[in-house]
Amino acid sequence: MCVTAVESRPAGVLGTSPGHRPFGARAKAFVALTKPRIIELLLITTVPVMFLAEQGVPSLWLVLATCFGGYLSAGGANALNMYIDRDIDALMDRTSQRPLVTGMVSPRECLVFGITLGVVSTVWFGLLVNWLSAALALGALLFYVVIYTMLLKRRTAQNIVWGGIAGCMPVLIGWSSVRGEVSWAAVILFLVIFFWTPPHYWPLSMKVKEDYARVGVPMLPVVAGNKAVARQIVLYSWVMVAVSLLLTPLGYTGWFYTAVALAAGGWWLWEAHALHARAKAGVTGAKLKEMRLFHWSITYVSLLFVAVAVDPFLR
């Protein structure tokens, strides 16, 4: 499926002239370009993996260096994403207050800012962590910007499935920062996030599908009915929970992680099937309650990765 570019007002038409942009507001705008709330979620999956890789407490300096480098890399990717998507961001309600749309940051400033963060983060990782982590971070940035934002997002309903690979990379970065290599434990947790991303994002897409439809972005809820989307959510959810349980039989985790994975995964499946039942019954609007699963998905991944960090101390 191919979607043509949309017409929009130029980014910045809502903003004031350069001379009327206060320093404090500008500083906040540049921070907003990095999407801090999304990066928080990425760090939730990075640090616990470092504990698992170390089988204990990793070096505090290494944790800080990895987190800072990860913030710079992900922040650069997010800024470049906003630069590329500034045309559709101006037309979507949920993105209408982003810095490029309001004019608080110019497109040129955003482009330079994003590229600078990407370069600095790569050098930071290479010199202060290791070059494998640097390569993985750079790969994640390029995958998110080029593969997801430029090639997939406006062309296919599978955009978030394959584009989500970029969001899985912090797991590999966390492990490689400690071990200097990637093992099966890291690959399994990578796959957990891979199968978690679509059922995490699709409920939100169901909520704001009119936004995506308005700008011609074929998120799955735009091109398929609620019933079909909910069915996909259930399928991905089952695979995600099954994959999350592989760590224990392979000897990487013990009873605590297993208990948390079973309890949290069971609740996730309950919510996923409940959403599917409501969609199948033709429920729409607020009664569909699709955001229940979205909010729970964040709690789920937080609990699961906290268990990853705690488990080594209880074995």
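The values are calculated or read from the model by the stated rules, or taken from the named source; none is laboratory data. This structure is a prediction, so every number in the text was calculated from the model and none was measured. When we count neighbours, we look across all protein chains shown, and the Cβ atoms used for this are built from the backbone with ideal geometry, even at glycine. Note: accessible area is taken over every heavy atom of the protein model, side chains too, but ligands, DNA and RNA are not part of it. Shrake-Rupley method; radii C 1.70, N 1.55, O 1.52, S 1.80 Å.
Annotation: of all residues in the stretch 88-101 being open to solvent by less than 30 Å² (accessible area, probe 1.4 Å) and in a helix (DSSP H, G or I), the one that is farthest from Gly139 (Cα to Cα) is Val101. Being part of a helix (DSSP H, G or I), within 26 Å of Val283 (Cα to Cα) and under 18 Å from the mean Cα position of the chain (by Cα) is a condition met by no residue of the stretch 169-187. For the stretch 23-46, taking the residues that are surrounded by fewer than 19 Cβ atoms within 10 Å (Cβ to Cβ) and farther than 21 Å from Phe294 by Cα, the one that is nearest to the chain's Cα centre (by Cα) is identified as Val31. Figure legend. Inter-residue proximity from the stretch 251-267: first residues buried (at least 20 other Cβ atoms within 10 Å of the Cβ), second residues not in a helix (DSSP H, G or I), beta-carbon distance below 6 Å, spacing 6+ or different chains. Indicated pairs: Thr253/Leu247; Ala261/Leu245. The residue that is nearest to the chain's Cα centre (by Cα), among those in the stretch 107-153 that are outside any helix (DSSP H, G or I) and surrounded by fewer than 22 Cβ atoms within 10 Å (Cβ to Cβ), is Lys153. Being over 26 Å from Glu181 (Cα atoms) and either outside any helix (DSSP H, G or I) or modelled with pLDDT under 80 (or both) is the requirement here; does Val13 meet it? Yes, satisfied.
Number of residues in the stretch 260-299 that are under 23 Å from the mean Cα position of the chain (by Cα) and either within 18 Å of Ala186 (Cα to Cα) or among the polar types (S, T, N, Q) (or both): the value is 3. Selection of first residues in the stretch 28-40 that are over 11 Å from Met104 (Cβ atoms) and of a type outside the set (D, E, K, R) and of second residues that are open to solvent by 30 Å² or more (accessible area, probe 1.4 Å) and part of a helix (DSSP H, G or I), restricted to Cβ pairs under 7 Å at least 6 apart or on distinct chains, gives the following pairs, ordered by first then second residue: Ile39/Tyr71.
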